[in-house]
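Reviewing the structure listed below.
The values are calculated or read from the model by the stated rules, or taken from the named source; none is laboratory data. Since we're looking at a predicted model, the values are computed, not measured. Please note: Cβ atoms are built from the backbone with ideal geometry, for glycine as well, and neighbour counts cover all protein chains shown.
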Amino acid sequence: MPKGSPELTEARREEIINACEKLYQTMSFKEITIKEIGNVTSFTRTSIYNYFQTKEEIFLALLQREYELWIADLERIMAENATLTKDAFADKLAHSLEKRAQLLKIMSMNHYDMETGSRPEHLAAFKVAYGESIRTVEACLDKYFPEMTVAQKRDFIYTFFPFMFGIYPYTYVTEKQRAAMEEAGVNYVFMSIYEIVYNCARTLLGE
């Protein structure tokens, strides 16, 4: 890690993550390189290696930030709503992920590559945010549905979180994919992020 104030270090890290995020809007994970990221930062490409050794570490940091933003949204829901019905909670949970399309996109495409291509300390920092997201959803269930048993809450968590990995590829379909499904006779029904999350959450909460 380069010498300098913690503020400067964090600012440099954020600039690198922001550059990666910008590129990811028009390029795929495979197309993005450290060189490409360096081209849209204010410092040299080699300086990036002082903060991240691989592009996987940069993407993992971006995913960590997305989880932290989602956690903040969930905490805001709890702060602003003393009670919620099952329908209302499913609605708010769906809206919280509707805003986090980038979180869902990264999860679905590059999760394994990011984790295997990152140093242990980067992976551990990410897992802190991931674990906190699980605890925050559990806190929502504790607050709004105290009648749920421990087993029911566990089933919700361990169904919903794996389900999240498939949201983006189901809700964002290219014309090429759509044409292939039509040719294969697949009866694909388009659903938005909101619709698919709401339906899943509402089903898991039961009657």
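From the list ALA179, ALA124, exactly one residue is outside the structural domain of TYR24 (by TED's automatic domain parsing), of a type in the set (Gly, Ala, Ser) and closer than 22 Å to ILE71 by Cα. Which is it? Give the steps one after another, and end with the answer.
Details: ALA179 fails: closer than 22 Å to ILE71 by Cα.
After applying the criteria, what remains is ALA124.
From the list TYR144, TYR130, TYR158, exactly one residue is in contact with a Lys or Arg (Cβ under 9 Å, 6 or more places away or on another chain) and in the same structural domain as LEU62 (by TED's automatic domain parsing). Which is it? Walk me through it before giving the result.
Working: TYR130 fails: in contact with a Lys or Arg (Cβ under 9 Å, 6 or more places away or on another chain); TYR158 fails: in contact with a Lys or Arg (Cβ under 9 Å, 6 or more places away or on another chain).
Just a single option satisfies the conditions, and that option is TYR144.
Residue by residue, here is whether (1) outside the structural domain of SER108 (by TED's automatic domain parsing); (2) within 18 Å of the chain's Cα centre (by Cα); (3) under 23 Å from ALA129 (Cβ atoms); (4) among the basic types (Lys, Arg) holds:
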residue: ASN18; (1), (2), (3), (4): yes, yes, yes, no
residue: TYR24; (1), (2), (3), (4): yes, yes, yes, no
residue: THR33; (1), (2), (3), (4): yes, no, no, no
residue: GLY38; (1), (2), (3), (4): yes, no, no, no
residue: THR41; (1), (2), (3), (4): yes, no, no, no
residue: LEU63; (1), (2), (3), (4): no, yes, yes, no
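What are the residues in the range 27-50 that are in a loop (DSSP other than H, G, I, E, B) and either among the hydrophobic types (A, V, I, L, M, F, W, C) or crowded, with 20+ Cβ neighbours inside 10 Å (or both), if any?
Let us first name the residues in the range 27-50 that are in a loop (DSSP other than H, G, I, E, B), namely 27-33, 40-44, 49-50.
If the condition is that a residue be in a loop (DSSP other than H, G, I, E, B) and either among the hydrophobic types (A, V, I, L, M, F, W, C) or crowded, with 20+ Cβ neighbours inside 10 Å (or both), then MET27, PHE29, ILE32, VAL40, PHE43 are the ones that fit.
Being at pLDDT 95 or above and of a type in the set (S, T, N, Q) is the filter; apply it to the range 140-182 and report the residue that is farthest from ARG202 (Cα to Cα).
Within the range 140-182, the match that is farthest from ARG202 (Cα to Cα) is THR149.
Limited to the range 29-46, what total is found for residues that are out of contact with any helix residue (DSSP H, G or I) (no Cβ under 7 Å at 6 or more places or on another chain) and at pLDDT 90 or above?
3
Would you check which residues across the range 101-129 are surrounded by fewer than 18 Cβ atoms within 10 Å (Cβ to Cβ) and among the aromatic types (Phe, Trp, Tyr) and list them?
If the condition is that a residue be surrounded by fewer than 18 Cβ atoms within 10 Å (Cβ to Cβ) and among the aromatic types (Phe, Trp, Tyr), then TYR112 is the only one that fits.
If I ask for residues that are farther than 21 Å from PHE126 by Cβ and either in contact with a helix residue (DSSP H, G or I) (Cβ under 7 Å, 6 or more places away or on another chain) or not in a loop (DSSP other than H, G, I, E, B) (or both), which ones from the range 3-26 would you list? Break it down stepwise before answering.
Filtering the range 3-26 down to residues farther than 21 Å from PHE126 by Cβ leaves 3-5, 7-8, 25-26.
Scanning the range 3-26 gives GLU7, LEU8.
Where residues in the range 51-100 are surrounded by 15 or more Cβ atoms within 10 Å (Cβ to Cβ) and small (Gly, Ala, Ser), which of them is nearest to GLY166 (Cα to Cα)?
Only one residue tops the list, namely ALA94.
For the range 59-90, what are the residues that are of a type in the set (Asp, Glu), touching a residue at least 12 places away in the same chain (Cβ under 8 Å) and more than 24 Å from ARG119 (Cα to Cα)? Write out each step before concluding.
Initially, the range 59-90 is screened for residues of a type in the set (Asp, Glu), giving 66, 68, 73, 75, 80, 87.
Within this subset, residues satisfying the condition of being touching a residue at least 12 places away in the same chain (Cβ under 8 Å) are 66, 68, 73, 75, 87.
Within the range 59-90, ASP73, GLU75, ASP87 meet the criteria.
Which one of the conditions (1) at pLDDT below 95; (2) on the phi < 0 side of the Ramachandran plot; (3) surrounded by fewer than 17 Cβ atoms within 10 Å (Cβ to Cβ) does GLY185 fail to meet, given that it meets all the rest?
Answer for GLY185: the failing condition is (2).
For MET164, state whether it is surrounded by 13 or more Cβ atoms within 10 Å (Cβ to Cβ), touching a residue at least 60 places away in the same chain (Cβ under 8 Å) and not aromatic (Phe, Trp, Tyr). Outline the logic, then answer.
Values: surrounded by 13 or more Cβ atoms within 10 Å (Cβ to Cβ): yes; touching a residue at least 60 places away in the same chain (Cβ under 8 Å): yes; not aromatic (Phe, Trp, Tyr): yes.
Yes.
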